[in-house]
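So the structure is just underneath, and the comments pick up after that.
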Amino acid sequence: MAATAENKTPPRNRSQFIRTHIPRTEQFAAMLCILLLAGIGLVIWQKGKNFDPHLYALHPDALKSTAEAVAGKTATIRGEAAQARGVVQTATTATTTTLDGYGEASAAAKPAAKGEPLLMTLAGIKPMGDTEFYNADTLYEKINGRAPAYLGFNFQSLRCRAFEVVGTGGSYVDVYEYYFDTPVNAFGMFALERDPQGAALDFAPDGYSGAMGYFFRQGAVYVQIIASDMKEKTIATAKSIAHVRAKALPADDTGLAARRRLPATGLDPASVQFTAENALGQEFLKNVFQATYNFGGKKLPFLVMVAAPDEAVAAWKAWSEFSGKFGGTITPLPDAGGAKIFQAENSGSWRVIFVRDGTLGGVFDAPDAAKAREFVQQYLEGKIP
Amino acid sequence: MAFAGTSAALARVAAPQPAAEKPAPAPSSTGPLPTRKLGKSGRAVSMLNMGGMMAAMSPQYLDTAWAMGIRYFDTADCYIGGKSEKIVGEWLAKYPERRKELFLTSKDHPKHGPKQLLEMIDRRLEACGTEYLDAFYIHGIGPKGYGEDSLNWPKSDEFKRVADQLKSSGKVKMVGFSCHDGRLNDYLAAAAEGGFVDIIMLQYRPFFKKGDAFDQALSACHDKGIALVAMKTMRNTKDLPARLPEFDKLGLTTHQAVLHAVWSDPRISSICNMIDNVVMMETSTAAARSYKKALTTAHRELLQQTILASNRHMFCPGCPACDSFGAGSALALKDISRAVTYYEQDGDLSARELYQSLPALDRDASGVDLAALRERCDYHVDYASLVQRAERYFA
Amino acid sequence: MKPENENSGVSRREFIRRAGATGALIAGAAAAGYVLWQPKHFVPGFEAQKGLSLKSYALEPAKLLPTMAIAHGAEHDKTIRAALGALGGMGRFIKNGDVVMIKPNVAFDRPPALAATTHPEALRAVAKLCFEAGAAKVVIADNPINSPTGCFLKSGLTAVADELNLDLLYPEANAFAPLEINGEILRHWTFFKSPFKRATKVIGLAPCKDHNLCHSSMTMKNWYGLLGGRRNQFHQHIHSIVSDFALMMKPTLVILDGINVLMHNGPTGGRLSDVKPMNTIVAGTDMVAVDSYGYANLLERDLAELTYIHKAHDRGLGNKNWKDAFYKEVPA
């Protein structure tokens, strides 16, 4: 049947189509879009205004060390002083001492919180500038290529300050306090940088002095006191500062119990080493401190492990059993001072190992069995301080 | 005096007995480990060799390894800050007669081209205290460290000339390279094409698909008589249950089963293990002695599934399954995974430097569908978690 | 109900008006975007951009005079004089009226004895020689990593500047301008330009020291202190960038101070036991050669390790085979 005029649908003329009613939802959505566009424009403008032309956008991580200003560091503008920037440092705890004495120990001061200035009221010194503060991100800005080593030991923060030595015509002492998360990590970094020629400090068991400085670990802090020169007054001031800081920082040897049991006599300080697990390739030797001793002209490696008593005994027994393998010879020695002891020889090396009250220790890989026994005996008798 | 009695007791024991004080003769060992041949060289070496990177490395530790039958030590210029080679040297000085029975390898980094090996060999020999190395490797070859040109080195005339010169000088018996790079297959293919490389140390996991690109590259090298030494085989096994009933029936711990799975591939001559303690040494050497035949496919699959199930945050084992992804994206999944592995599994703090040495593009996961990648991955590695952890540890 | 929409016509004029308005809006947005767009902002410094160029301060090679001198002695003044004397005297390089820019390495606020910075005695000796040769003015400048005032003061260089009336320029905010480098990695970077405003000659004066990240810091790395901005990202491509410094700067002369060498724990050091007296000064016109000598003979290391030297050599920026050069070795 042919289409009739009545049946045809009139063609739709788009150009004649005008919307006269816009639903509220649509109006609202449209307004929202316009506002969003305006907002985006504003953000782009703002970002562009603050754009750092030296931002290497592909390496954002590399810029962490300059992403924030370092507190206390003077800007690269000549003579700009902290006061000009409105930075005010208030005294917190301070210890008054004379140059010759070391003053009363302050009440156990808490480790410096971020931003707490390094203050010392010590006769003969004057701060040269503000305290500088660095964290893990900004440490690179202070010690540059050394930073990765510190970060490897979970470095937390650094505060440092220079002090002029009054009356010396320009001598000064730099004080650096590196805070780590644990005393063990602070020890680890200290040991890594240890100067084998350093002289032991009587006020810091983990410490030594060099020709121009004092370096020690106190709690979870690795302290460096560096003199600008070797004038007597400068070095004496550096030493006083070291004493003051050693007293002010809280002592904390958590995780370092075995370290305390390494005697100081005959110790080669550069040989002190900490192994968290698998010390000497033995599964049962954990959190071990070892060092080499000069004893009667012989070099004797000695180690100590502190554990729960039954764990220490189990380790001692396991070591004894291992020593008997592969042709090794074991000689049980009589108990001494409450300690059980065995002596063993493997491949021409001797070991004399004791266990007492949760402490496992002894001489290992020694060339001389008699010396090894003598050392252990004297150690157990408390004759090697 | 408190300890007089003790002193007297100790003194009695210490009364001069010359015979007792003299060291006993070198310990009798349980005999050398079973051996496999190294490619066309025909040289027989221990199926298990000991890497020189672990903290326990010392002359006494090498004594123990020797006593347990290991006759193959692997070291390198940079292991333990350069101390590893010196320890080997100390041990060889103590037992010079053992040198001919030992297969000793070391490595160096000729960043300016293979010909640098000609000057580096003398330093390695001096450090190891020996007159020759049984194998000398280019250490950890890869385009990032050595440049894109290095992909051609295994078939280049220059490297061939250097290898010939090293061998004719008597300072080296075999020349090759070690590789754990994402482009391992390319290096293997180049070596097969060149035909002159004697030995390759490669990252190896026994769970690849038969016939895939890695399998083919291995076969190509094997057919050319290139010796293949497996390394980094123990990744992702830290959280495995120590024993599984199926492997108990075979008398194997799970760790030993992994070693057996690797030895099941006859193309692999030896496994290089970083043996952290004596117990691991005992287990690994026992595995070598007990190996008689290949694990069944069912056992290998069980092992693979166990590894998958045990590790929620699976590390990328470096299999070639996502090579096609690798071609389209700069994200260095394998390197990131390696850094996290070293940090979490080995406590290796230098993993931070490894991660930070990667260009930022290679560390940037934005725009990469890590969830989809996980689905596609044979091991369902949780890449999102890996990348996140890497940022947290190292960035 | 009234229909929501009615059919009615849109006139041609109305259509043109609306289309025109829309088109103008689009064109305006596009134009604004183009104007605001910084095509090279994405990786500034690492793409080509025109900036100021640094001229070469190198002299024409003198065929009959050595290009490098090595002098051995324990005192800075005597040894530096001996080294310069072996090169033909400072007069070979500095003429009457010259404005000499001496670039020391004062990156850190360390005392002189720790050998992490240019020694004040070295600066004193070189500055005096410049004045003796007729220099009208001597400028010293550096953009340190630590605080500039602290660095110059604690290293002892401020005292020398005061004593000899040297122009000590601190890196102030307006002292920098973009420099076109066109290096392997560095295409352009913000550069400490003030010291070069009137400089006619440039002398690099650097300590020889260990560096944890790039093995050593000597005369090539010394130019790092002329750059501003966020330099901390350089360590990702440190060897390429140090070799770019040899492209960026063509000095008149470089002097490597090896009287006391920081052998370990560089670049900041901190212990005197890390410092070893090597009693040597190396002076020359080729910083690649000077640094090659320093690394092998003063730091006592294997030159094969020092990637940036090989890069600079391969790029034709100097000769790492210092023995091939015409050099003289003299006692102080």
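Annotation: C:Ala58 fulfils all but one of (1) of a type in the set (A, V, I, L, M); (2) closer than 30 Å to C:Tyr327 by Cα; (3) modelled with pLDDT under 95; the unmet one is (3). Considered as a group, the residues in the range A:127-147 that are part of a loop (DSSP other than H, G, I, E, B) and hydrophobic (A, V, I, L, M, F, W, C) include one that is surrounded by the most Cβ atoms within 10 Å (Cβ to Cβ), and that residue is A:Leu139.
When you go through C:Gly229, C:Gly204, C:Gly225 one by one, which is the residue that is more than 14 Å from every other protein chain (Cβ to nearest Cβ) and either out of contact with any Cys (no Cβ under 9 Å at 6 or more places or on another chain) or free of Cβ contacts under 8 Å to residues at least 60 places away in the same chain (or both)?
The conditions single out C:Gly204.
C:Lys328 passes every criterion in (1) among the basic types (Lys, Arg); (2) in contact with a Phe, Trp or Tyr (Cβ under 7 Å, 6 or more places away or on another chain); (3) at pLDDT 95 or above apart from (2). The sole residue among A:Phe187, A:Phe180 that is in contact with a strand residue (DSSP E or B) (Cβ under 8 Å, 6 or more places away or on another chain), more than 14 Å from chain C (Cβ to nearest Cβ), in contact (Cβ under 8 Å) with a residue 60 or more places away in the chain and surrounded by 20 or more Cβ atoms within 10 Å (Cβ to Cβ) is A:Phe187.
When the range B:50-102 is examined, which residues are found to be of a type in the set (Lys, Arg), in contact with a helix residue (DSSP H, G or I) (Cβ under 9 Å, 6 or more places away or on another chain) and outside any loop (DSSP other than H, G, I, E, B)?
First, pick out the residues of the range B:50-102 that are of a type in the set (Lys, Arg): B:71, B:83, B:86, B:94, B:98-100.
Those left that are additionally in contact with a helix residue (DSSP H, G or I) (Cβ under 9 Å, 6 or more places away or on another chain): B:71, B:86, B:94, B:98-99.
Of everything in the range B:50-102, those that are of a type in the set (Lys, Arg), in contact with a helix residue (DSSP H, G or I) (Cβ under 9 Å, 6 or more places away or on another chain) and outside any loop (DSSP other than H, G, I, E, B) turn out to be B:Lys86, B:Lys94, B:Arg98, B:Arg99.
The strands (runs of 3 or more DSSP E) found entirely in the range C:182-268 that carry 1 or more residues being more than 12 Å from the chain's Cα centre (by Cα) and charged (D, E, K, R) are C:201-211, C:253-262.
Restricting C:Asp244, C:Asp257 to residues that are acidic (Asp, Glu), buried (at least 24 other Cβ atoms within 10 Å of the Cβ) and in contact with a strand residue (DSSP E or B) (Cβ under 7 Å, 6 or more places away or on another chain) narrows the list to C:Asp257. The one condition from (1) away from every other protein chain (no Cβ under 12 Å); (2) farther than 23 Å from A:Asn278 by Cβ; (3) of a type in the set (D, E, K, R) that A:Lys371 does not meet is (1).
May I ask you to list the residues in the range A:188-240 that are assigned to a helix (DSSP H, G or I) and closer than 30 Å to A:Ala276 by Cα?
Let us first name the residues in the range A:188-240 that are assigned to a helix (DSSP H, G or I), namely A:188-192, A:232-240.
Residues satisfying the conditions are A:Gly188, A:Met189, A:Phe190, A:Ala191, A:Leu192.
Give the residues of the range C:81-106 that are farther than 19 Å from C:Leu166 by Cα and either within 14 Å of another protein chain (Cβ to nearest Cβ) or crowded, with 19+ Cβ neighbours inside 10 Å (or both), sorted by residue number. Those that are farther than 19 Å from C:Leu166 by Cα and either within 14 Å of another protein chain (Cβ to nearest Cβ) or crowded, with 19+ Cβ neighbours inside 10 Å (or both): C:Arg81, C:Ala82, C:Ala83, C:Leu84, C:Ala86, C:Leu87. For A:Ala220, the criteria (1) over 30 Å from C:Leu157 (Cβ atoms); (2) modelled with pLDDT of 95 or more; (3) touching a Leu at 6+ places or on another chain (Cβ under 8 Å) hold in every case but one, which is (3). Of the residues examined, C:Asn174 is not one that is facing another protein chain (nearest Cβ under 9 Å) and either crowded, with 20+ Cβ neighbours inside 10 Å or not basic (Lys, Arg) (or both).
Filtering the range B:242-275 to residues that are under 20 Å from A:Gly281 (Cα atoms) and part of a helix (DSSP H, G or I) leaves B:His255, B:Gln256. Does A:Phe203 satisfy the condition of being surrounded by fewer than 17 Cβ atoms within 10 Å (Cβ to Cβ), without any contact (Cβ under 8 Å) to a residue 60 or more places away in the chain and farther than 22 Å from A:Gly167 by Cβ? Yes: the conditions hold for A:Phe203.
Residues in the range A:329-341: is at least one closer than 19 Å to B:Gln60 by Cβ, surrounded by 19 or more Cβ atoms within 10 Å (Cβ to Cβ) and in the same structural domain as A:Pro263 (by TED's automatic domain parsing)? Checking the range A:329-341: not a single residue is closer than 19 Å to B:Gln60 by Cβ, surrounded by 19 or more Cβ atoms within 10 Å (Cβ to Cβ) and in the same structural domain as A:Pro263 (by TED's automatic domain parsing). Within the range A:286-312, being farther than 20 Å from A:Ile341 by Cβ, touching an Asp or Glu at 6+ places or on another chain (Cβ under 6 Å) and not β-branched (Val, Ile, Thr) holds for one residue alone: A:Lys286.
Looking at C:Ala283, is it away from every other protein chain (no Cβ under 12 Å) and either of a type in the set (Val, Ile, Thr) or not in a helix (DSSP H, G or I) (or both)? Even if it seems obvious, please write down each step before you answer.
Details: away from every other protein chain (no Cβ under 12 Å): yes; either of a type in the set (Val, Ile, Thr) or not in a helix (DSSP H, G or I) (or both): yes.
The answer is yes for C:Ala283.
Would you check if B:Ser150 is surrounded by 16 or more Cβ atoms within 10 Å (Cβ to Cβ), touching a Pro at 6+ places or on another chain (Cβ under 8 Å) and free of Cβ contacts under 8 Å to residues at least 40 places away in the same chain? Yes, satisfied. Scanning the range B:49-64 for residues that are more than 7 Å from chain A (Cβ to nearest Cβ), of a type in the set (A, V, I, L, M, F, W, C) and within 16 Å of the chain's Cα centre (by Cα) yields B:Met50, B:Met53, B:Met54, B:Met57. Looking at the structure I just gave you, is B:Leu252 closer than 19 Å to B:Pro34 by Cβ, of a type in the set (A, V, I, L, M, F, W, C) and buried (at least 20 other Cβ atoms within 10 Å of the Cβ)? When the stated conditions are applied, B:Leu252 passes them.
The values are calculated or read from the model by the stated rules, or taken from the named source; none is laboratory data. Keep in mind the model is a prediction, meaning the values are calculated, not measured. Every residue, glycine as well, gets a Cβ built from its backbone with ideal geometry; the counts of neighbours run over all protein chains shown.
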